[in-house]
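> Have a look at this one.
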Amino acid sequence: MRQTAVKEEEVFTYQDYIHFPDNGKRYQIIHGEVYMTPAPVPYHQRIIIKLSEILDEFVVKNNLGVVFIAPCDILLSDEDIVQPDIFFISNENLDIIKEKYIEGVPDLAVEIISPYTQKLDKIFKKKLYETYRVKEYWIVEPDKKTMEIFSHTGRIYDFRGIYEAGDMVASDLIKGLKFNLSEIF
């Protein structure tokens, strides 16, 4: 099964989104177009758990903000609603956390690639996060055991590097955060 856009001719908004069926699939809207993906596989979920634990432990220990995992809605606009696998909101931006969703731009977004989300995460969401100025974007590819990091320069994303299992990863955004990529695979 492929990730698919639903009703391409229609522009969807958050009001449409909240009425989508709760059927175990993840829905996201990018530029008014709906993208649906099946539930992630267990290996994908294990990576989310391991990486979010590393991030959360560091963030909590240093009182830097809050780490979230999917599913949690981020409203970038009425026609751009996404659910990154993991995201971080710094103390300076905690006001974007609302009762039912996040309304605004997280500081860090992390996507774990699956066969169904390759194009969505590497092209569409990368461009969307770049446009909305998400400060740092990590793309994790479980099959390759790699992570790509992009940092926002104020206008566009700067490619910071591709890391492989065994490499030490350091964040430009979250100063002092370092971990061996093998810890998540």
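> Do the sum for the chain: with -39,500 (n - 2.57) for every DSSP H run of n ≥ 4, divided by all residues, what is the mean residue ellipticity at 222 nm, to the nearest 500 deg cm²/dmol?
Values: 3 runs with 31 residues, N = 185.
It lands at -5000 deg cm²/dmol.
> If you take the Cα Rg of the range 29-95 and divide it by 2.2 N^0.38 Å, with N the number of residues, what do you get?
Working: Rg = 13.8 Å, N = 67, 2.2 N^0.38 = 10.9 Å.
My calculation over the Cα atoms of the range 29-95 gives 1.27.
> Going by average Cβ density within 10 Å per residue, which order do the peptides 16-23, 157-164, 132-139 take, highest to lowest?
Details: 16-23: 11.2, 157-164: 14.2, 132-139: 21.5.
The packing order, highest mean first, is 132-139, 157-164, 16-23.
> On to the next question. In whole Å, how far is the Cα centre of the range 53-83 from that of the range 93-170?
What the calculation gives is 11 Å, centre to centre.
> Shifting gears a bit: For the chain, what relative contact order do you get, as a whole percent, if you take Cα pairs closer than 8 Å and at least 6 residues apart?
Numbers: 346 pairs, mean separation 28.6, N = 185.
Normalised by residue count, the contact order of the chain is 15 percent.
> Evaluate the relative contact order of the range 39-116 (contact order divided by residue number), counting alpha-carbon pairs under 8 angstrom at least 6 apart; express in whole percent. Intermediate values should be presented prior to the final figure.
Numbers: 109 pairs, mean separation 21.9, N = 78.
Result for the range 39-116 is 28 percent.
> Also: Taking a ≥ b ≥ c as the square roots of the eigenvalues of the Cα gyration tensor of the range 40-184, is the shape rounded (a/c under 1.5), prolate (a/b larger than b/c) or oblate?
Working: a/c = 1.33, a/b = 1.17, b/c = 1.13.
Rounded shape, in that the Cα axes give a/c under 1.5.
> Select from the range 56-129 those trypsin sites (Lys or Arg not before Pro) which occupy a DSSP coil region and have at most 11 other Cβ atoms within 10 Å, ordered by residue number. Kindly include the intermediate steps, with their values, before the conclusion.
Details: sites: K61, K98, K100, K119, K122, K125, K126, K127; in loops: K98, K100.
Sites meeting the loop and neighbour criteria: K98, K100.
> Nearest 10 degrees is fine. How inclined is helix 42-61 to the longest principal axis of the chain, computing both from alpha carbons?
Its long axis makes an angle of about 60 degrees.
> Rounding to the nearest 20 debye, state how big the charge dipole of the chain is about its Cα centre with +1 on each Lys and Arg Cβ and -1 on each Asp and Glu Cβ. Can you show the working numbers first?
On the way: 22 positive and 31 negative charges, 98 e Å.
So the dipole magnitude of the chain works out to roughly 460 debye.
Only the coordinates and a few stated rules stand behind these numbers; no lab work does. Worth saying up front: this structure is predicted, and the values here are computed from it rather than measured. All Cβ positions, glycine included, derive from the backbone under ideal geometry; neighbour counts span all protein chains shown.
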